[in-house]
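Everything below concerns the one structure shown next.
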Amino acid sequence: MQLVVARIGRAHGIKGEVTVEVRTDEPELRLGPGAVLTTDPAGVGPLTVETGRVHSGRLLLRFEGVKDRTGAEALRNTLLISDVDPEERPEDPEEFYDHQLIDLDVVLADGTLIGRISEITHLPSQDLFIVEREDGSEVMVPFVEEIVTDIDLAEQRAVIDPPPGLIDDSEAVVASTRDAEAETEEGAN
């Protein structure tokens, strides 16, 4: 199975290093020296990691055969893809690979079916499940412990406890009295 583990950013310096946007919780395993990665677009790779280091909070990689800034800049926006055994699991039992979560049923604690996870969106602050409902509509569910209470791979389901309004707009609660006051004033005019 292939997993996207990073996206190459801009060149760093003049010796062929690039910044990378890491998309794996295990960069030391997937992006370490000697790692051979396929690429998207395919014509750029495969790429073999020669060195890696962290500089100012960003991971910098150098690939075999890329020795200057021009070569590094030519790699910009390339996706790095790692081959992973489909049976492999993250070390932390509370972590999951995207392929483990796609197509899980999303249910409430009482078993009510909400839909099926069709996609995972990775945002800087949190991940989102894109849940496709039976009517074809989509719901975005933040993948946070307070909302996603259980992932049961054996049962192929994710149990959620959504706040009011997340699944059903009619249950939405006004979060600010200022918003409520504005609605009252609009109604009075």
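When you scan the stretch 52-61, how many residues do you find that are open to solvent by 50 Å² or more (accessible area, probe 1.4 Å) and either of a type outside the set (D, E, K, R) or under 12 Å from residue 16 (Cβ atoms) (or both)?
Result for the stretch 52-61: 4.
Given the structure, is residue 120 at pLDDT below 90, within 15 Å of residue 97 (Cα to Cα) and surrounded by 11 or more Cβ atoms within 10 Å (Cβ to Cβ)?
When the stated conditions are applied, residue 120 passes them.
From 130, 114, grab the single residue that is touching a Ser or Thr at 6+ places or on another chain (Cβ under 7 Å) and either over 20 Å from residue 6 (Cβ atoms) or modelled with pLDDT under 90 (or both). Write out each step before concluding.
Numbers: 114 fails: touching a Ser or Thr at 6+ places or on another chain (Cβ under 7 Å).
After applying the criteria, what remains is 130.
Mind listing just one residue for me: the one in the stretch 158-177 that is open to solvent by 60 Å² or more (accessible area, probe 1.4 Å), outside any loop (DSSP other than H, G, I, E, B) and not polar (S, T, N, Q) and, of those, modelled with the highest pLDDT?
Among those residues, the one meeting the criterion is 169.
So that you can scan it fast, the table gives a plain yes or no per residue for (1) modelled with pLDDT under 90; (2) closer than 30 Å to residue 154 by Cβ; (3) surrounded by 12 or more Cβ atoms within 10 Å (Cβ to Cβ):
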{"position": "28", "(1), (2), (3)": "yes, yes, no"}
{"position": "102", "(1), (2), (3)": "yes, yes, yes"}
{"position": "106", "(1), (2), (3)": "no, yes, yes"}
{"position": "110", "(1), (2), (3)": "no, yes, no"}
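Any residue at all in the stretch 49-62 that is in contact (Cβ under 8 Å) with a residue 24 or more places away in the chain and under 22 Å from residue 99 (Cα atoms)?
No, that holds for no residue.
With the structure loaded, tell me whether residue 16 is more than 30 Å from residue 166 (Cβ to Cβ) and crowded, with 18+ Cβ neighbours inside 10 Å or whether it fails that test.
yes
Is it the case that residue 9 is within 22 Å of the chain's Cα centre (by Cα), open to solvent by less than 80 Å² (accessible area, probe 1.4 Å) and touching a residue at least 60 places away in the same chain (Cβ under 8 Å)?
So residue 9 passes the test.
Would you tally the residues in the stretch 66-93 being modelled with pLDDT under 75, over 16 Å from residue 29 (Cα atoms) and either in contact with a strand residue (DSSP E or B) (Cβ under 9 Å, 6 or more places away or on another chain) or open to solvent by less than 30 Å² (accessible area, probe 1.4 Å) (or both)?
Result for the stretch 66-93: 0.
Considering only residues that are in contact (Cβ under 8 Å) with a residue 24 or more places away in the chain and under 15 Å from residue 65 (Cβ atoms), look in the stretch 30-41 and name the one that is surrounded by the most Cβ atoms within 10 Å (Cβ to Cβ).
37
The values are calculated or read from the model by the stated rules, or taken from the named source; none is laboratory data. The structure presented is a predicted model; accordingly, all values stated were derived computationally and were not measured. All Cβ positions, even for glycine, are placed from backbone atoms using ideal geometry, and neighbour counts span all protein chains on display. Just so you know, the surface numbers come from the protein's heavy atoms only, side chains and all, with ligands and any DNA or RNA stripped out. Shrake-Rupley method; radii C 1.70, N 1.55, O 1.52, S 1.80 Å.
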